[in-house]
Protein chains: 2
Amino acid sequence: MAKITAVSPLAPEAFPKMPIIDGVSFSTVAAGVKYEGRADVMLAKMAPGTAVAGVFTQSATRSAPVLDCQRKLGGPTHDGAAILVNSGNSNAFTGRNGLDAVAQIVSASARACDLPEARVFTASTGVIGEPLPFERITDRLETLAATLDPAAMEAAASAIMTTDTFAKGATASVEVAGKIVSIAGIAKGSGMIAPDMATMLVYIFTDGKIDQANLQTLVAAHNENTFNCITVDSDTSTSDSLLVCATGASGVDVDDSQTFSDALHGVMQELAHLVVKDGEGATKFVEITVTGAASDRDAKTHALSVANSPLVKTAIAGEDPNWGRVVMAIGKSGAPADRDRLSINFGGIMVAKEGWVNPDYVEADAAAHMKGQNIRIHADIGLGSGEATVWTCDLTHGYIEINADYRS
Amino acid sequence: MAKITAVSPLAPEAFPKMPIIDGVSFSTVAAGVKYEGRADVMLAKMAPGTAVAGVFTQSATRSAPVLDCQRKLGGPTHDGAAILVNSGNSNAFTGRNGLDAVAQIVSASARACDLPEARVFTASTGVIGEPLPFERITDRLETLAATLDPAAMEAAASAIMTTDTFAKGATASVEVAGKIVSIAGIAKGSGMIAPDMATMLVYIFTDGKIDQANLQTLVAAHNENTFNCITVDSDTSTSDSLLVCATGASGVDVDDSQTFSDALHGVMQELAHLVVKDGEGATKFVEITVTGAASDRDAKTHALSVANSPLVKTAIAGEDPNWGRVVMAIGKSGAPADRDRLSINFGGIMVAKEGWVNPDYVEADAAAHMKGQNIRIHADIGLGSGEATVWTCDLTHGYIEINADYRS
């Protein structure tokens, strides 16, 4: 959770070419909250009529900005909205001062953007428990408001990075009712990433027109099998926030569009994968699929137990098709399993079935799969039809270096 | 889970001087199950009248010997008993062959020791999913039975080691009704160690006289706040077994003795601590106490969430009094907490209280505590009177080296 090191080997070749989302503009500034010599605050401003939906960390020690955002969900859409994010300091566990800092930032943002305070959503990410020097942010708000640019989304993605080694963006454009609707999102996150919560900071924008309550339902549902299905280290941030803003500027009603829903899901899944691909110390991207569980919930419990097991994650780092550790992780998960019905498959190669190693299994085949960057593990529990897929990365010396040597 | 490396820096100076437990004798042999050039099988034989109590892994994929032992608990005590343990191969996830191997070993042990099969308890520890070459063990049983020695307990402790870097023993002698009752136990374990289960392999012997059902109740109760309160890596073995054998040879009835109960608890706690002190890659022994939770159960949930957090464990490895990560771990645990009532203390130094850093806190003080080998973290939740203490170690490069580079 600290010094930015070499770019992850799993990073995409380049940041994607983002479309202009009509009704949204961005600006960034180097406010010196903590980092030197880089932009660390971003502002996004949305046009009147924009619907905003969100999901947040379930942590009992969630940060002051998260508490403020949660209160504001579902508010009136006619005036537009803004998102103000700083990196370098999470304003979490900062007591009453933390709430005051949020109030100051919200107030200054509302003034600069000519918006009601109820439509200003903020987030802070970085070190926990240090007072946020909010004046460094409020002092720059007039500048931020004066430099808004619809094409500045990549700069916004960079400004919210902490230990991230690359800026994360994803986009989709789909045809609905004969017109083009665009979706574009950015995310940050690489450690303190765990499931069963909205995870990290994610901001997605679309010019589709959708009722705010419908958008909230859609986002919550898609969140369950995208961001809530990734884990880097089983640790859950106190600041995780996901906001989706629909400006409606395309004039295309997407309330009932399966095409739009699928495209939004695709953008959310891609951003979730990018967060895993920037997992602290990651050298492998791992997809874990569990089928044949008694229920979908049980399947997810098994899959996350495998994904969070330090022994499984270190075996993957060592390129060892160590299916015994997968058996162990399924056994400890707490969800029902029967040793003699269990089968395990690495990269399409059946390694174990019905309680023992597959007699046709040749370890060299699975070992070859483990040498790749994309690892697939599939466990069939043999009890029912429940299934789930989750994504994680390996556990390497890089994770220890990043987290043992610097204050997060 | 593999190559034996340098002795843990947390190891005690020497194996303790163990008393003879009247009615128990031990033998070991180098059977070549997997390791070369070291004893890897141990036999313990107990006199007629010995009560045997046990607790085992709750894993859904538990090993064949565990399934066999669980069936045998509570059997008749008049004939005596035996324990046969091999290291190097866990006989877990080995299908029907695994059950056959257990049957062969039990049968040969019963014959060699002149005992009913129902009183032969076995365990296997080591690699998962490879067939156990049981003939290498059964071929040595006559030798083992012919070389039993009441003084060979340290050799027994060494024979059951896998990735352990030192043999683990603990003992207590107490006066009950004017006579001395002795307790002595051995344990193995250093990775794949997690709570909420009976953990690792542990064998404890006493010459106290106690009803077998009473002993079972006592062992299960003490297990909850000793072995079930330690964690190395949150991963749970498929083979964890704890057996306590009371020969009654002292003639001292300890059924209602609080002194005996306390002494047994002390031996169990010491063995549990020794397992943590041999945690894979460990350089720090960490005690985490949670008070003020809504219930004892909630306190343990919070404490284990802190103890299993990779970010907390890496911070400890880096000697960083990073209380923000403790806040994070309490927040994610799922048990109730209130940010503004939470206080955190490192080594007796109050670092945070009532939702923010303690104004009198000087980081250099906590940093000095973190440089020691014994780290104490205390969190008060401020909600009730629930409390719990758990023990863990730090997460270091050593853990990654041991687990990424070798097949467990």
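Coordinate-derived values only; no laboratory data. The shown structure was predicted, so the numbers you read here are calculated from the model rather than taken from an experiment. Reconstructed Cβ throughout: ideal geometry from the backbone, glycine too, with neighbour counts over all protein chains shown.
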Inset, instruction - Could you pull the copy-to-copy label distances for A:Leu99, with points set 7 Å along Cα to Cβ, in nm to one decimal and sorted shortest first? - result: 6.2
Inset, instruction - Mind pulling the angle between the C-alpha long axis of helix A:296-308 and the longest principal axis of chain A? Nearest 10 degrees, somewhere in 0 to 90. - result: 90 degrees
Inset, instruction - Name the residue, out of A:Lys284, A:Lys179, A:Lys34, whose mean-square fluctuation peaks in a Gaussian network model built on chain A with Cα pairs under 10 Å. - result: A:Lys179
Inset, instruction - For segment A:47-92, just the Cα set please: Rg and Dmax, both in angstrom. - result: 12.2, 34
Legend entry - Qualifying lysines (Cα of each under 18 Å from Cα of B:Lys45; at least 8 residues distant if same chain): B:Lys72, B:Lys209
Inset, instruction - With a bin width of 10 angstrom, please list the P(r) values of segment A:252-326 as percents of all Cα-Cα pairs, from the 0 bin to the one holding the largest distance. - result: 16, 34, 31, 13, 5, 0
Legend entry - Distance histogram in 5 Å bins (all Cα pairs of segment B:215-362, percent per bin): 2, 8, 15, 18, 17, 14, 10, 7, 5, 3, 1, 0, 0
Inset, instruction - Take the alpha-carbon centre of segment A:283-343, take the same for segment A:41-105, and report the distance between them in whole Å. - result: 36 Å
Inset, instruction - Report the local net charge at A:Asp360: Lys and Arg +1, Asp and Glu -1, summed over other residues whose C-beta lies under 15 Å from its C-beta. - result: -2
Legend entry - Fraction of antiparallel bridges per DSSP, chain B only, in percent to nearest 5: 70 percent
Inset, instruction - May I ask for the Kirkwood hydrodynamic radius of segment A:345-407, worked out over all distinct Cα pairs and given in angstroms to one decimal? - result: 14.4 Å
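Given Cα pairs under 8 Å that are at least 6 residues apart, what percent is the relative contact order of chain A?
Across chain A, relative contact order equals 19 percent.
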Inset, instruction - Binning at 10 Å from 0, report for segment A:280-408 what percent of all alpha-carbon pair distances ends up in each bin. - result: 14, 45, 30, 9, 2
Legend entry - Debye, to nearest 20: dipole size of the protein assembly as shown, +1 on Lys, Arg Cβ, -1 on Asp, Glu Cβ: 200 debye
Legend entry - Within chain A, longest stretch free of exposed GluC sites (Glu not before Pro) [DSSP loop, at most 15 other beta carbons within 10 Å]: A:37-353
Inset, instruction - Specify the residue with the greatest mean-square fluctuation among A:Met18, A:Met200, A:Met161, computed from a Gaussian network of chain A linking alpha-carbon atoms under 10 Å apart. - result: A:Met18
Legend entry - Cα lying deepest toward the dipole's positive end in the protein assembly as shown, options B:Trp356, A:Thr163, A:Leu84, charges on Cβ: A:Thr163
Legend entry - Percent of Cα pairs exceeding the 37 Å cut-off, where the set is chain B: 24 percent
Legend entry - Per-copy distances of the B:Ala367 label point, shortest first, in nm (7 angstrom along Cα→Cβ): 4.7
Inset, instruction - Determine one quarter of the surface area of the Cα convex hull of the protein assembly as shown, which equals its mean projected area, and express it in nm² to one decimal. - result: 33.6 nm²
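Can you give the FRET efficiency to the nearest 0.05 for A:Glu224 and A:Val362, using r as the Cβ-Cβ distance and R₀ = 35 Å?
Numbers: r = 38 Å, r/R0 = 1.08.
After rounding to 0.05, the efficiency reads 0.40.
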Legend entry - Label 7 Å beyond Cα on the Cβ vector: B:Ala151 copy-to-copy distances, nm: 8.9
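For chain A, what does the helix formula give at 222 nm: sum of -39500 (n - 2.57) over DSSP H segments with n ≥ 4, over the residue count, nearest 500 deg cm²/dmol?
Working: 12 runs with 126 residues, N = 408.
Helix-only estimate at 222 nm: -9000 deg cm²/dmol.
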Inset, instruction - Using +1 at the Cβ of each Lys and Arg and -1 at the Cβ of each Asp and Glu in chain A, identify which of A:Ala221, A:Ser8, A:Ala367 lies farthest towards the dipole's positive end. - result: A:Ser8
Inset, instruction - Please work out whether segment A:1-99 counts as rounded, prolate or oblate from its C-alpha gyration tensor, where a ≥ b ≥ c are the square roots of the eigenvalues and a/c under 1.5 means rounded, while otherwise a/b larger than b/c means prolate and anything else oblate? - result: oblate
Inset, instruction - Specify which residue in the list A:Val327, A:Ala299, A:Thr283 is farthest towards the positive end of the charge dipole of segment A:262-358, using unit charges on the beta carbon of Lys, Arg (+1) and Asp, Glu (-1), about the Cα centre. - result: A:Val327
Inset, instruction - Report, in whole Å, the centroid distance computed from the Cα atoms of segment A:357-408 and segment B:111-151. - result: 35 Å
Legend entry - Candidate lysines - alpha carbon under 27 Å from B:Lys277, same-chain residues fewer than 8 apart omitted: A:Lys313, A:Lys332, B:Lys3, B:Lys17, B:Lys34, B:Lys168, B:Lys188, B:Lys300, B:Lys313, B:Lys332, B:Lys371
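Among the DSSP beta bridges whose two residues both lie in the protein assembly as shown, what percent are antiparallel, rounded to the nearest 5? Write down the numbers at each step before the final one.
Numbers: 100 of 148 bridges.
Once the DSSP bridges in the protein assembly as shown are tallied, antiparallel ones form about 70 percent.
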